[in-house]
Structures are given as C-alpha cells and as structure tokens.
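Below: the structure, in structure tokens.
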Amino acid sequence: MAVYGSSPVFAAKEKKATVKTVKQAAVKGSMAEKVLKPNAVFDPDKMSDMSDFDPATWVSPTSDTIKIAVITCFSGPGAFNGHIAWSVVSWVAHDINKRGGIWVDGKKKLIEVVKGDHMSKPDQCKKVSERVVLQEKVHVIWGTAGSNMMKIMNETAKKYNIISHCVSNLADELQDSTNFSRYAFMSSVGTEQVGRGMAYYYGQIRKKEKKFYILCQDYSYGHDIADGFKKGLKEYYPEAQIVGEDYHKLFLTDFAPYLTKVKASGAEVIYTGNWPPDGGTVLKQARQMGIKLPFAHVLMNDPNMLHEVGLEGTKGLVHIDEFSTPPPAFKSPGHIKYYRAWNNQWKKWKTSPYDSHFFEHGDYIQKYIMQTYWLMSVIERAKSTDPEKIVKVWEGDTYQYVNGKTMMMRACDHRAIQDLTVSEYVGTKEQKQSFNIPPYYWYTGSAAPGPGSLIPASKIFPPIDPKEERCKGKNGWGE
C-alpha cells in the first residue's frame, strides 16, 4: 500500500531515491512547481516482502523500541475507526521492522504500536493519553477523529514534551494561535482547504453547475466545512448560488424532510461534509426518493457503502481527495508494485472487516498510510526519538508520496500544504481513465474515480491565524 522513503541526505549512497522521484506536471501554483526536489522520497525497491502481513493477526514487538501510540475509538459505535487505524500503522510498522527498523539514538530499533481506546469520550481520551505517555513511555501519539479528542492529545503531548501527529482530523482550529503546540503536527487536510478546493473545481475548472445546496452535520466540523465552501464560492465562483443550507443532528435516520427541501430548491449539486454513517444514509435515501443530483463530498467514499447503493446510484459523485493525483492513478512501476503488495495481501484476509471492499484497494486509507510513512521518514532523518530533533527536521520538510504527490509542512504553524484532486465517479468501463492497469477498473458493484482535476496548493493554503506570532508577516507557503 505504501513504501517508506529514504532521505536525499543519503543521496551519495542511495541515488535510486532521486531517480525514482515521480514527476508531476508543473501546474501553476502547484507543489510540482514549488518543490523541484523533495527532502525525502520513498523507494519502492526498499519495500519489504509483505506476504505474511495480516492486520487481524499482527503482533507488535516490544522492549527497546520506537513506540507509537494509536489513540482512536477501538470500541463502541465508532469501533470501525480502530480497524482503520490499526491496519494503517501496523502495515507501516511491519514493513519497516522487516527491514531491521530505524537507526535512532545510536542503535537500530523496531517500531512498536500501542493501542489507546478513547471510546469517543473526552475523559477517557485524557486518561488514555496520560497512560500511554507516563506508563507506556511512547515517543509519539497518533490520531484521531473528533477535534475535541485531538485537542486533548495535543495538550498531553505538549505537557510531556512528546510528538503528537494528526492524520485524520480536519479541524483548522487545532493549529490556530490558541491551540498551537511546537510538538503537534497536522499532516491531514483541513476543512477550509476542502471547501475552497471544491469551490475552485466548480468555478474555475468545471464551470457548469451554479446552484448548490449545503447539507452538513450540525456541529463545528459540519459548519466549518460549509463555511470553507461558501468562502471558496465568493472567491472563485461569485456567480454561483446557495439555494439552500441545512444542518442536521448526527446519526440521523430520516433525511426525508431535508431531501424534500433539496428537491424543491432547484439545486444542481448537493455539497456535504458528512462522514459515515450519515453520508451513506443521506445518499441511499436521496436515491430512494428519486433524487439523482451529484453529491460533492470529501468522506462519502466508503467502498462498502457505495456497493450498498450500487453502480447507478453512485455515478456522478464528486470527491475531493488528499491522496489521489489526476489520472491515471498509476504513473510508475514503483507505484504498481506498491499497490499490488497491498491488494495481493487483501485477497488472503479472512477476518471481518479486513476482508471487505473497504480494504480491497486501500483507496480510502492511502492518505493515512502515507502520512505515517512521512512521520517515520522524519524520525529516521532526525536519527533520534528526541522530540526537539524531530521538530527541527519536520518544520519546513517536504516529502513525496508513492504516487508522486509532494507534501510540505509549513514551519510556522505545522500545517500541511498540498495539492488536492477532485474526481468524478463513473461506471466500470470509464474507470479505466483512472485505474490504468489490469483489470482496468476499481469496482464493478459501484461507481469509482474516472476523470480528475488538480487543485493547486497555492489556491487552497491552510488558513493562517493572524494572531499566531510565529506566522506574522509570512505568506501561504510560510515564507
């Protein structure tokens, strides 16, 4: 699924890494134009033999190790998040451990993964964060869904001077002047980037639909992702109209009242930030009510849910993604090797939920895996688990993913600068535009990415809090 990158610091001995850098078209304002040579890239040839990996049976090493605490929901209604997180970090750890580990603090050490179940409860998150730091002596805490949970993790990391890595939370406020910490790094995309990116796509690239209906979950994330879209429309598509705007409670089972309003509004597109199960529920009910409008979304791409809705019901979905690049998906032999390593293993997995469509291609979780490899690359180049040395390497760092996408960590506020890609979901035959290797489609039971467009990083910089002293006088690139 992903491969670990060696730093060009060692270019004299490892020239392959530079040779294998995947070149992307230098669209104006994109990362390819800004970063000609990333600080670190992966090398597919260094990937371990993963034919013995199974997330359901993987056992972490212990003793004198580099300890990563995965803090997320491993129980209760949100337990599926735990399966996602475990598959991601155990894959990365297994790969690196089979290579012999990483040289830190004067010796080579393996990666140990420690589970921390916050149960989606703030008091439990605080308790488990303190436990993994004080008792387990972890070097990094890694997570999580729920901005309130991520804030607790960041606060704990700041209190005890260890690294906190945000890979799956979209809340911009995590790194604002109030919440910023030198030890917290947010490599995930943010709500404003998503909203403005989707608006840029409709206003500057697609230039067709003009009437949008906003339907989001009624809490901070839902409002923030809607605000980002509205801000983006004013900036990139001023002639567009918001013909309706509603916010609903979480885990809603009946969307009929909202969808009736959508139907009467004259909307051409429904914009939503909904995550499962709300994303799946509203899509299913919309199709049952005969509403065939496209949903423009960021998290409505759960392959299991898409298969439940079916091929016809998922055609036309418009997805903004933080891993994908414009088609074709596979631009190098190294990326094909990387993909096959994951997909071939998936075919062997017999334990639920790892044997489901959700994990088949790993398309939903590639963004989390590659962010985790970036963390490991930083630790390797720091040659230490000392947080101060890790901070020094990661601030301003650039790292290239397996598919050629380049990331930059803005030094002043620890936000990830990146291009995004917007893809249109199409039928099986049309998926060849994206899935350009046999069998030339992602799925037969649901629509999947076909055509796609690049949203340049310079058009969707993470917002800089004007009150953040470290960023005073700096532009979007942090310069």
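The values are calculated or read from the model by the stated rules, or taken from the named source; none is laboratory data. Computed from a prediction, not measured in an experiment: that's the story for all the values here. Positions of Cβ are generated from backbone atoms using ideal geometry, with glycine treated the same way; all protein chains shown enter the neighbour counts. These area figures cover heavy atoms from the full protein model, side chains too; ligands, DNA and RNA do not enter into them. Shrake-Rupley method; radii C 1.70, N 1.55, O 1.52, S 1.80 Å.
Contact annotation: residue pairs with Cβ atoms under 6 Å, 6 or more positions apart or on different chains, pairing a residue in segment 250-279 that is basic (Lys, Arg) with a partner that is not in a strand (DSSP E or B), are 263/291.
Given 290, 266, 280, which one is small (Gly, Ala, Ser) and crowded, with 17+ Cβ neighbours inside 10 Å? So the residue among 290, 266, 280 that is small (Gly, Ala, Ser) and crowded, with 17+ Cβ neighbours inside 10 Å is 280.
Given the structure, is residue 103 surrounded by fewer than 23 Cβ atoms within 10 Å (Cβ to Cβ), within 19 Å of residue 343 (Cα to Cα) and aromatic (Phe, Trp, Tyr)? No.
Here 225, 214 are screened, and the one residue that is β-branched (Val, Ile, Thr) and more than 22 Å from the chain's Cα centre (by Cα) is 214.
The set of residues from segment 415-469 being in a loop (DSSP other than H, G, I, E, B), within 30 Å of residue 180 (Cα to Cα), touching a Ser or Thr at 6+ places or on another chain (Cβ under 8 Å) and open to solvent by less than 10 Å² (accessible area, probe 1.4 Å) comprises 418, 456.
Which residue is nearest to the chain's Cα centre (by Cα), if the candidates are limited to segment 363-383 and must be assigned to a helix (DSSP H, G or I) and aromatic (Phe, Trp, Tyr)?
Ranking the candidates gives 368 first.
In this structure, is residue 180 under 18 Å from residue 476 (Cα atoms), among the aromatic types (Phe, Trp, Tyr) and within 20 Å of the chain's Cα centre (by Cα)?
Numbers: under 18 Å from residue 476 (Cα atoms): yes; among the aromatic types (Phe, Trp, Tyr): yes; within 20 Å of the chain's Cα centre (by Cα): no.
Taking the combined requirement at face value, the residue does not satisfy it.
Checked against (1) in contact (Cβ under 8 Å) with a residue 60 or more places away in the chain; (2) under 30 Å from residue 457 (Cβ atoms), residue 66 passes all but a single condition, namely (2). Looking only at residues in segment 362-397 that are farther than 30 Å from residue 300 by Cβ and among the hydroxyl-bearing types (Ser, Thr, Tyr), the one that is surrounded by the most Cβ atoms within 10 Å (Cβ to Cβ) is 377.
Scanning segment 319-345 for residues that are open to solvent by 40 Å² or more (accessible area, probe 1.4 Å) and in a helix (DSSP H, G or I) gives 333, 336, 337, 340, 344.
To keep it simple, each residue is scored yes or no on (1) surrounded by fewer than 24 Cβ atoms within 10 Å (Cβ to Cβ); (2) touching a residue at least 40 places away in the same chain (Cβ under 8 Å); (3) part of a helix (DSSP H, G or I).
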site: 71; (1), (2), (3): no, yes, no
site: 84; (1), (2), (3): yes, yes, yes
site: 119; (1), (2), (3): yes, yes, no
site: 127; (1), (2), (3): yes, no, yes
site: 130; (1), (2), (3): yes, no, yes
site: 149; (1), (2), (3): no, yes, yes
site: 158; (1), (2), (3): yes, no, yes
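Among the residues of segment 222-245, is any in contact with a Cys (Cβ under 9 Å, 6 or more places away or on another chain) and under 30 Å from residue 353 (Cα atoms)? Checking segment 222-245: at least one residue is in contact with a Cys (Cβ under 9 Å, 6 or more places away or on another chain) and under 30 Å from residue 353 (Cα atoms).
In segment 176-228, which residue that is assigned to a helix (DSSP H, G or I) and hydrophobic (A, V, I, L, M, F, W, C) is farthest from residue 275 (Cα to Cα)?
Initially, segment 176-228 is screened for residues assigned to a helix (DSSP H, G or I), giving 191-206, 220-228.
Subset that is hydrophobic (A, V, I, L, M, F, W, C): 194, 198-199, 205, 225-226.
Working: 194: 14, 198: 17, 199: 19, 205: 26, 225: 12, 226: 14 Å.
Selected residue: 205.
Take the residues of segment 243-263 that are outside any loop (DSSP other than H, G, I, E, B) and open to solvent by 70 Å² or more (accessible area, probe 1.4 Å): which is farthest from residue 312 (Cα to Cα)? Before the answer, list the steps.
Looking only at segment 243-263, we keep the residues that are outside any loop (DSSP other than H, G, I, E, B), and these are 243-248, 256-263.
Narrowing further to those that are open to solvent by 70 Å² or more (accessible area, probe 1.4 Å): 245, 257, 260-261, 263.
Values: 245: 26, 257: 24, 260: 21, 261: 23, 263: 19 Å.
Filtering first and then ranking leaves 245.
If I ask for residues that are assigned to a helix (DSSP H, G or I) and either touching a residue at least 60 places away in the same chain (Cβ under 8 Å) or more than 19 Å from residue 167 (Cβ to Cβ) (or both), which ones from segment 384-398 would you list?
First pass over segment 384-398, keeping only residues assigned to a helix (DSSP H, G or I): 387-394.
Across segment 384-398, the qualifying residues are 387, 388, 389, 390, 391, 392, 394.
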